[in-house]
Amino acid sequence: MRITSSIYLVGGTTYGLTNGNDSHIYLIKGPSGIFLIDAGNGYDTEGLLRNIRDEGFDPLDINHILITHHHTDHARGAKALKDALGCEVWISDNTGKHLLEEGTDEELGVNYAKEHGMYSRDYVYIHCPVDHGIKDGESFTIAGIEITTINVIGHSDDSTCFLMHLDGRKCLFSGDIVYAGGIIGLLNYPMSSLEGYHEGLPKLKNLDIDALFPGHRMFTLSSGQGVIDAGLKHLDGIFVPPSVGQRIENI
Ligand SMILES: [Fe+2]
């Protein structure tokens, strides 16, 4: 699905592009190549590759996959793609590299997910060698496009936003941090926390983002900063009793 001349949605279950509860998988076309943002769950890699071909691209031209975070719907498919395409896989150095390469079921939250009926009992996370652990604030050029990263904790410690200019727009690929309507990705799941959100999400203030591309739900080509600001407002609206864990005086 062509979004703009440089941005394509080539995988994801929301719009029925691929099966297997995949996150959105974006293909970015730069002046000197193509790359993917996120890899999906890996249950429908063939469907993903077919979509890429249908858009007129050769999947073998993909040299990099940037993973927003290690969660199964974004990262489990990385190994199959790396094996098929010989591409590099990059993910945050802040826990993501370790988790994708060798995280235990406990560290990955797989045990928790099975115990709470979120994953089937026979679910297996697929690890993948990581070619580069991305640092917070790191800048690099891929396919001729300058990209800056922002590590935003709250949804997971490794959640990374990729900031780049495409087709005259300031674009942010934001994973599961904030969705349309300012919905934040706070989970009852290991590594996700309200405290983390209060620390992480303000890093996305005042970026003047035009186009926001989350890992699920709707994307927008304009007023992306408004979505982020709505998320910040929702966060401020979440009441955390200051007395928790403290002795209450003067009542
Ligand atoms: Fe996630």
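The values are calculated or read from the model by the stated rules, or taken from the named source; none is laboratory data. Computed from a predicted structure; not experimentally measured. Cβ: placed from backbone, ideal geometry, glycine included. Neighbour counts: every protein chain shown. Just so you know, the surface numbers come from the protein's heavy atoms only, side chains and all, with ligands and any DNA or RNA stripped out. Shrake-Rupley method; radii C 1.70, N 1.55, O 1.52, S 1.80 Å.
Details
- Here the dipole of the chain is about 560 debye; that uses its Cα centre as origin and unit charges on the Cβ of Lys and Arg (positive) and Asp and Glu (negative).
- Among 13-19, 62-68, 120-126, the order from most to least packed when residues are scored by Cβ within 10 Å on average: 62-68, 13-19, 120-126
- Measuring spread by the Cα atoms of the range 92-251 yields a radius of gyration and Dmax of 17.6, 62 Å.
- Length-normalised contact order of the chain in % [C-alpha pairs under 8 Å, at least 6 apart]: 14 percent
- Between the range 31-102 and the range 110-166, the C-alpha centres lie 11 angstrom from each other.
- Positive-pole candidate from 6, 187, 151, dipole of the chain, charges at beta carbon: 6
- Per residue, the range 7-237 exposes an accessible area of 40 Å² to a 1.4 Å probe, with every protein chain left in place.
- Among beta bridges identified by DSSP and lying wholly in the chain, the antiparallel ones come to about 65 percent.
- Protection proxy ranking for 147-155, 184-192, using the average of other Cβ atoms within 10 Å per residue and placing the highest first: 147-155, 184-192.
- Under-23-angstrom lysine pairs by C-alpha in the range 7-237, whenever the two are 8 or more apart or on separate chains: 19
- Share of carbon and sulfur in the accessible heavy-atom surface of the range 1-54 [1.4 Å probe, %]: 44 percent
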